[in-house]
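Trainee: Below is the structure I would like to discuss, written out as structure tokens.
The values are calculated or read from the model by the stated rules, or taken from the named source; none is laboratory data. Note that this is a predicted model, so its numbers are computed, not measured. No Cβ is skipped: glycine too gets one built from the backbone with ideal geometry, and neighbour counts run over all protein chains shown.
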Amino acid sequence: MMQSLKSRALAGVAGASLALVAGALFAVTGAQAQDKKPIVIGFSQSLTGALSPNGKQALLGMEIWKDQTNKAGGLLGRQVELKYYDDKSEPSEVPGIYTKLLDVDKADLVVSGYATNEIAPAMPVVIRKGKTFISLFGLDVNDKFKYPKYFSILPTGPDTKGSFTKGFFEVAMAQNPKPKTVALTMADAEFSQNACEGARANAKKAGLKVVYDKAYPPPPKTTDFAPIVRAIKAENPDLVVVCAYPLDSVGMVLAANEIGLNPKMFGGALVGLQATFFKDKLKGKMNGIVNYETWVPDEKQMYKGTKDFFVEYQSRAKAAGVDPLGYYLGGWGYAQLQVLGDAIKSAKSIEDDKVAAALKKDKFETVMGPIKFGAKGEWAEGRMFTVQYHDIPADAGLETWRGMSYQTVLEPNNLETGKVIYPYEKAHK
């Protein structure tokens, strides 16, 4: 009995000693990791100006990824630091920011901020420096550059330009009688022109007659959208497709409501309507609009870590002064760096060529779903949505936008949650 007690006492001492040694080794290893120079990831972001409601929620998603990564030990035994500057939603600010990030700040890696119009001006700097570049919501940016180290976080798939309105036209042409005419309008800016180029191709494929096709100067040059809407209404088109950024999207919807635009379907590529800030501005004026989406909070779109991410995002959103839900850009900002981090782990390096090779080779599981890159750095397979807004009351608030009660997924077919309300006036009344 005494021998057994002695044995157990010795074992306990030995176990405690091993635990102390292991703890000391862990502390030394952790201290060494902390002592190493951090991996600096640089980017511009729209934190003020017209794009800031989306840019700021993307940034919070990126910050959450950084915090979780560092808490888990960092990347390659090093902590991660995000270095960013406000581009003020002005494309002209972007080249200087990336030059500073690479020449002065000596960022190890760079990614893009939000939006096509801010990504395109960064490309010449990135290409000149030979940097791997993961963009966030850039529509077919690499079509002109054909840069082999470019990768896009945007679920368009190979049909980049057409993907924003493909579902709109497919839904329209499934109606009886089929529509015959379409009006197209767009801002004279990179994203809007790209999206409208795709809309023209989709209209031609559908055999529709284009009765209006005009660009307008983007805000702040255009602030009154009533003349545009009146000109469209005068052509009496069956379908109206608008390709616009947030401020002009809101302006077009308000003008359409004021003037009584009443086609059989209205919408297309209206950026902004996905964000809580703009939903709150428009509320029931959105009813009946058929528009693109990149993700919706439907159970079919909950992947590994998705729910946990949005719980964390929404717990931090108020203090950060950002979109309270984060459904449009919050998750994608996280996924952008999640992909980069996984590629670094796969490459076991932060060298641009090695990271790019991993991005080309691997399939990435993210909180927004699986991503595999294909030609030009776009997705090998697209996953864009077409939704219709409906039954939104005049006093709609956060709880309305939190769920799926106000929107129906129409496309893709395997993820649809209901059928279109057609024509537009039936859902808009």
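Trainee: Among the residues of region 193-211, is any assigned by TED's automatic domain parsing to the domain that holds Lys264 and farther than 23 Å from Asp159 by Cβ?
Mentor: Yes: one or more hits.
Trainee: Kindly provide the set of residues from region 398-426 that are in a loop (DSSP other than H, G, I, E, B) and closer than 22 Å to Phe310 by Cα, ordered by number.
Mentor: Initial filter on region 398-426 (in a loop (DSSP other than H, G, I, E, B)): 403-406, 412, 416-423.
Correct list: Gly403, Met404, Ser405, Tyr406, Thr417.
Trainee: So the check is Cβ under 6 Å with 6+ separation or different chains; which pairs have a first residue in region 162-178 that's within 20 Å of Glu293 (Cβ to Cβ) and at pLDDT 95 or above and a second one that's of a type in the set (Ser, Thr, Tyr) and not in a loop (DSSP other than H, G, I, E, B)?
Mentor: Correct list of pairs: Phe164/Tyr292; Gly167/Thr386; Phe168/Thr386.
Trainee: Hey, another quick one. For Gly333, which of the numbered conditions (1) modelled with pLDDT of 95 or more; (2) in a helix (DSSP H, G or I); (3) over 27 Å from Phe133 (Cβ atoms) fails to hold?
Mentor: (3)
Trainee: So which residues in region 179-221 are modelled with pLDDT of 95 or more, among the charged types (D, E, K, R) and closer than 18 Å to Ala244 by Cβ?
Mentor: Asp188, Glu197, Arg200, Asp213, Lys214, Lys221
Trainee: Filter region 184-215 down to the residues that are more than 21 Å from Glu293 (Cα to Cα) and either under 28 Å from the mean Cα position of the chain (by Cα) or not in a strand (DSSP E or B) (or both) and list them by number.
Mentor: Those that are more than 21 Å from Glu293 (Cα to Cα) and either under 28 Å from the mean Cα position of the chain (by Cα) or not in a strand (DSSP E or B) (or both): Asp188, Lys204, Lys205, Ala206, Gly207, Leu208, Asp213, Lys214, Ala215.
Trainee: If Ser315 meets every condition in (1) without any contact (Cβ under 8 Å) to a residue 40 or more places away in the chain; (2) crowded, with 24+ Cβ neighbours inside 10 Å apart from one, which number is that one?
Mentor: (2)
Trainee: For residues that are of a type in the set (Ser, Thr, Tyr) and under 12 Å from Ile232 (Cβ atoms), scanning just region 174-209, find the one that is surrounded by the most Cβ atoms within 10 Å (Cβ to Cβ).
Mentor: Residues of region 174-209 that are of a type in the set (Ser, Thr, Tyr), as a first pass: 181, 185, 192.
Now narrow it down to the ones that are under 12 Å from Ile232 (Cβ atoms): 181, 185.
Numbers: Thr181: 18, Thr185: 25.
By that ranking, first place goes to Thr185.
Trainee: How many residues does region 229-265 hold that are over 23 Å from the mean Cα position of the chain (by Cα) and under 17 Å from Gln175 (Cα atoms)?
Mentor: Adding up the residues that qualify gives 8.
Trainee: Would you pick out the residues in region 218-248 that are surrounded by 24 or more Cβ atoms within 10 Å (Cβ to Cβ) and either more than 22 Å from Glu190 (Cα to Cα) or touching a strand residue (DSSP E or B) at 6+ places or on another chain (Cβ under 7 Å) (or both)?
Mentor: Within region 218-248, Ile232, Pro237, Leu239, Val240, Val241, Val242, Cys243, Ala244, Tyr245, Asp248 qualify.
Trainee: How many residues are closer than 21 Å to Leu270 by Cα and either in a helix (DSSP H, G or I) or polar (S, T, N, Q) (or both) if we restrict to region 361-397?
Mentor: 2
Trainee: Considering only region 329-348, I want to know if a residue exists there that is in contact (Cβ under 8 Å) with a residue 40 or more places away in the chain, within 30 Å of Phe225 (Cβ to Cβ) and among the β-branched types (Val, Ile, Thr).
Mentor: Within region 329-348 (the criterion being in contact (Cβ under 8 Å) with a residue 40 or more places away in the chain, within 30 Å of Phe225 (Cβ to Cβ) and among the β-branched types (Val, Ile, Thr)), the answer is no, since none of the residues qualifies.
Trainee: Determine which member of the set Phe225, Phe266 is in contact (Cβ under 8 Å) with a residue 60 or more places away in the chain, hydrophobic (A, V, I, L, M, F, W, C) and outside the structural domain of Asn54 (by TED's automatic domain parsing). If you could, list the steps in order and put the result at the bottom.
Mentor: Working: Phe225 fails: in contact (Cβ under 8 Å) with a residue 60 or more places away in the chain.
Sole residue among the options that is in contact (Cβ under 8 Å) with a residue 60 or more places away in the chain, hydrophobic (A, V, I, L, M, F, W, C) and outside the structural domain of Asn54 (by TED's automatic domain parsing): Phe266.
Trainee: Next question, about the same structure. Scan Asp342, Asp308, Asp323 and give me the residue that is assigned to a helix (DSSP H, G or I), among the acidic types (Asp, Glu) and buried (at least 17 other Cβ atoms within 10 Å of the Cβ).
Mentor: Asp342
Trainee: Any idea which of (1) hydroxyl-bearing (Ser, Thr, Tyr); (2) buried (at least 24 other Cβ atoms within 10 Å of the Cβ); (3) over 26 Å from Ser112 (Cα atoms) is the one Tyr212 doesn't satisfy?
Mentor: Status for Tyr212: all satisfied but (2).
Trainee: Can I ask one more? Regarding region 255-269, can at least one residue be identified that is outside any strand (DSSP E or B), under 23 Å from Leu139 (Cβ atoms) and touching a Phe, Trp or Tyr at 6+ places or on another chain (Cβ under 9 Å)? Walk me through how you get there before you give the answer.
Mentor: Taking region 255-269 as the starting set, the residues that turn out to be outside any strand (DSSP E or B) are 255-264.
From the residues that got through so far, the ones that are under 23 Å from Leu139 (Cβ atoms) too are none.
Among the residues of region 255-269, not one is outside any strand (DSSP E or B), under 23 Å from Leu139 (Cβ atoms) and touching a Phe, Trp or Tyr at 6+ places or on another chain (Cβ under 9 Å), which makes the answer no.
Table: residues versus (1) more than 20 Å from Ala317 (Cβ to Cβ); (2) not in a strand (DSSP E or B).
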{"position": "Pro53", "(1), (2)": "no, yes"}
{"position": "Ala58", "(1), (2)": "no, yes"}
{"position": "Trp65", "(1), (2)": "no, yes"}
{"position": "Asn70", "(1), (2)": "yes, yes"}
{"position": "Gly73", "(1), (2)": "yes, yes"}
{"position": "Leu82", "(1), (2)": "no, no"}
{"position": "Tyr85", "(1), (2)": "yes, no"}
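Trainee: Right, something else. For region 380-391, enumerate the residues that are of a type outside the set (D, E, K, R) and out of contact with any Lys or Arg (no Cβ under 6 Å at 6 or more places or on another chain).
Mentor: The answer is Gly382, Met384, Phe385, Thr386, Val387, Gln388, Tyr389, His390.
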